[in-house]
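*Asks:* Before I ask anything, let me first share the structure, which is written out below as structure tokens.
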């Protein structure tokens, strides 16, 4: 799979929604057909732009949930109550609608199957979206690299792509561990509570194994996880972070 | 702290302003000398513009203001290094 | 020219008297929080408000002294340059007329400076004669740190970036010195009714 060329200009193009998939009660995926899409790398994102009839515009960034090998470009939107953009994308947008998109964007929080491993992905909430792209790329490219996802969610119902993750965990070289912070099913054998230093000590590869680490989620989650990893002996230069959060009033 | 993001949040605007991907470019803070990749700068994007601060000393190192659809990038305290 | 996104309304709210909306603004029922940096948390025993610069003698008040100054209850509309307007916001604070009476100065300009390093510049004319306050109460309670507490500048006839949060003093200046956003391309004056958002507007 050739690495996507970085264009010299980042132009807005019109993408058509070809499918929508409700992932959880709050998260919905939109599959876009973008005729001028140059390809992308797992971990990259797009900016989308909405325009109302009085000329008002709103712009937001969304991680690409699909792998470079997948058809179309998939975005997964976490619906924020009272938000200006996310409720529009989850409640109003339907197949056939067009959305202005600019991308792919990102040269830091990216993973290619050509990179050495093992690959450690740590996510909280909607931070799982770019991890899904990385996992799907991993599954499609079959590199000789072990991958482990450590994901934190409030409840099992809040785990986006839950079924897909379970299918992925069936691979020998893939491992998925879920931490549930608020409520868990009876007999739950996954982690109970937040991802903390102790959990990471047991769940992450040791620093001597030289894992390549990506952490994504709300700012507080990312800072706590990155700090815990470093306290556990991981080298800071092996950790890449991406913080999610609201970007406009 | 709730509104704190990082350089990834303004990556599109930076690409538009510089004509190339900027998240993996190293910038040195003129206030404390710390070298960070742009993606790791502390960014406050909920403002009349985006304000990027040094993750170590908190100095304002970069300000991005969009005027009439054009992104203007100011570098009050960031020395961008040429990417390898 | 971007195509219209079917059914996208933004934060548009109907209702309210349209004559109270400056050009390009829309109404909000919330109170968006915008910030250029982390929220400062100065403990009240360490807080003071100072007027200095081109003055005969600088003056400074500690928190308790500031609260003892004559204060006013005001209700004003506020307009942010990011296009939201909030009507009928109620505040309690000390008028800048009261504060500036404590100093002798010929200066025509001032720079408001704040915890966290933010600054904004204003003409003395723009803050005199009942046009500005240092507010420490919003909607009947202390101003929340996110909204600029313990005290913020309130200059409602200009775009809200001039209503500096976490204000700690005014420096009277002989010339007009652009503050933070003014340096980065925003309009030096900022009258929402003339839509003075950016330099050159």
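Bear in mind these aren't lab numbers, they're just calculated from the coordinates by the rules spelled out. Everything numeric in this text was worked out from a predicted model, so none of it was measured. As a convention, Cβ positions derive from the backbone with ideal geometry for all residues, glycine included, and neighbour counts pool all protein chains shown.
*Asks:* Could you tell me what fraction of 2.2 N^0.38 Å the Cα radius of gyration of segment A:48-102 comes to, as a two-decimal ratio?
*Replies:* Numbers: Rg = 12.1 Å, N = 55, 2.2 N^0.38 = 10.1 Å.
Here the Cα radius of gyration is 1.20 times the empirical estimate.
*Asks:* Sorting C:56, C:165 on the 10 Å Cβ count, fewest up front, what's the list? Numbers along the way, then the final one.
*Replies:* Numbers: C:56 9, C:165 26.
Neighbour counts put them in this order, fewest first: C:56, C:165.
*Asks:* Rounded to the nearest 5, what is the percent of antiparallel bridges among the DSSP beta bridges in the protein assembly as shown?
*Replies:* Values: 84 of 116 bridges.
Close to 70 percent.
*Asks:* Between the alpha-carbon centers of segment A:33-89 and segment A:169-220, tell me the distance in whole angstrom.
*Replies:* 27 Å
*Asks:* Just tell me how shielded A:75-84 is by partners: mean number of partner chain Cβ atoms within 10 Å of each residue's Cβ, no decimals. The partial results should precede the final answer.
*Replies:* Numbers: counts 0, 0, 0, 0, 0, 0, 0, 3, 1, 6.
Partner-chain Cβ atoms within 10 Å, mean over residues of A:75-84: 1.
*Asks:* Further question on the same structure: Taking every DSSP beta bridge with both residues inside segment C:41-198, roughly what % is antiparallel (nearest 5)?
*Replies:* Values: 33 of 37 bridges.
Approximately 90 percent, going by the DSSP bridge assignments.
*Asks:* Still on this structure, I have one more. Taking a ≥ b ≥ c as the square roots of the eigenvalues of the Cα gyration tensor of segment C:154-201, is the shape rounded (a/c under 1.5), prolate (a/b larger than b/c) or oblate? Display every interim value, and only then the final one.
*Replies:* Details: a/c = 1.87, a/b = 1.31, b/c = 1.43.
Note, shape of segment C:154-201 comes out oblate.
*Asks:* A further question follows. Just checking the output field for C:180-189: average partner chain Cβ neighbours within 10 Å of each residue's Cβ? List each step's numbers first, then the result.
*Replies:* Details: counts 6, 6, 0, 3, 12, 8, 4, 0, 0, 0.
Neighbouring Cβ atoms belonging to other protein chains average 4 per residue here.
*Asks:* With a cut-off of 8 Å between alpha carbons and a minimum separation of six or more residues, what is the relative contact order of segment A:56-160 in percent? Don't jump to the answer; show the numbers that get you there.
*Replies:* Working: 107 pairs, mean separation 31.4, N = 105.
Reported relative contact order: 30 percent.
*Asks:* To continue, here is another question. Considering the alpha-carbon set of the protein assembly as shown alone, what are its Rg and its Dmax in angstrom?
*Replies:* Expressed in Å, the Cα Rg and Dmax of the protein assembly as shown come to 24.9, 79.
*Asks:* For chain A, take the longest principal axis of its alpha carbons; what is the angle in degrees between that and the long axis of helix A:128-141, to the nearest 10 within 0 to 90?
*Replies:* 80 degrees
*Asks:* What does the C-alpha gyration tensor say about the overall shape of chain B? Classify as rounded when a/c is under 1.5, otherwise prolate if a/b is larger than b/c, or oblate.
*Replies:* Oblate, since a/c reaches 1.5 and b/c is not below a/b.
*Asks:* Compute the angle between helix A:219-231 and the longest alpha-carbon principal axis of chain A, please, reported from 0 to 90 degrees and rounded to the nearest 10.
*Replies:* That works out to roughly 30 degrees.
*Asks:* Restricting to Cα pairs below 8 Å that are 6+ residues apart, what does the relative contact order work out to for chain A? Please round to a whole percent.
*Replies:* Details: 493 pairs, mean separation 44.3, N = 249.
Relative contact order of chain A: 18 percent.
*Asks:* While we're on this one: Let me have the relative contact order for segment C:1-88, percent, based on Cα pairs under 8 Å that are six or more residues apart. Walk me through the numbers before you get to the answer.
*Replies:* Working: 69 pairs, mean separation 25.3, N = 88.
Result for segment C:1-88 is 29 percent.
*Asks:* Arranged by the count of other C-beta atoms within 10 angstrom, fewest first, what order do A:188, A:12, C:91 take? Before the final figure, lay out each step's value.
*Replies:* On the way: A:188 12, A:12 16, C:91 24.
With the sparsest Cβ surroundings first, the list reads A:188, A:12, C:91.
*Asks:* In whole angstrom, how long is each semi-axis of the equivalent ellipsoid of chain C, when you take the square root of 5 times every eigenvalue of its Cα gyration tensor and sort them from largest down? Mind showing how you got there, number by number?
*Replies:* On the way: eigenvalues 176, 75, 48 Å².
Equivalent ellipsoid semi-axes, largest first: 30, 19, 15 Å.
*Asks:* Quick one: grab Rg to one decimal and Dmax as a whole number for segment A:1-125, Cα atoms only, in Å.
*Replies:* Computed over the Cα atoms of segment A:1-125, radius of gyration and Dmax are 15.0, 51 Å.
*Asks:* As a footprinting exposure proxy, order B:28, A:208 by other Cβ within 10 Å, with the fewest listed first. Walk me through the intermediate numbers first.
*Replies:* Details: B:28 17, A:208 7.
Listing B:28, A:208 from fewest to most nearby Cβ atoms yields A:208, B:28.
*Asks:* Could I ask something else about it? Pull out a ≥ b ≥ c, the square roots of the eigenvalues of the alpha-carbon gyration tensor of segment A:86-197, then state rounded if a/c is under 1.5, prolate if not and a/b is larger than b/c, and oblate in the remaining case.
*Replies:* oblate
*Asks:* Next question. For chain C, what does the helix formula give at 222 nm: sum of -39500 (n - 2.57) over DSSP H segments with n ≥ 4, over the residue count, nearest 500 deg cm²/dmol?
*Replies:* Value at 222 nm, helices only: -1500 deg cm²/dmol.
*Asks:* What does the helix-only formula give at 222 nm for chain A: each DSSP H stretch with n ≥ 4 adding -39500 (n - 2.57), the total divided by the residues, and the result rounded to the nearest 500 deg cm²/dmol? Intermediate values should be presented prior to the final figure.
*Replies:* Details: 5 runs with 47 residues, N = 249.
Value at 222 nm, helices only: -5500 deg cm²/dmol.
*Asks:* What is the pair-distance distribution P(r) of chain A, computed from all Cα-Cα distances in 10 Å bins starting at 0, with each bin given as a whole percent?
*Replies:* Reading the bins upward from 0: 7, 32, 36, 20, 5, 0.
*Asks:* Ok, one more. For segment C:62-111, take N as its residue count and report Rg(C-alpha) divided by 2.2 N^0.38 Å. Provide the component values of the computation, followed by the final result.
*Replies:* On the way: Rg = 14.4 Å, N = 50, 2.2 N^0.38 = 9.7 Å.
Relative to the rule-of-thumb radius for its length, segment C:62-111 sits at 1.48.
*Asks:* Right, something else. Name the most mobile residue of C:144, C:79, C:26, meaning the one with the largest mean-square fluctuation, in a Gaussian network model of chain C with Cα contacts below 10 Å.
*Replies:* Sorting by GNM fluctuation, first place goes to C:144.
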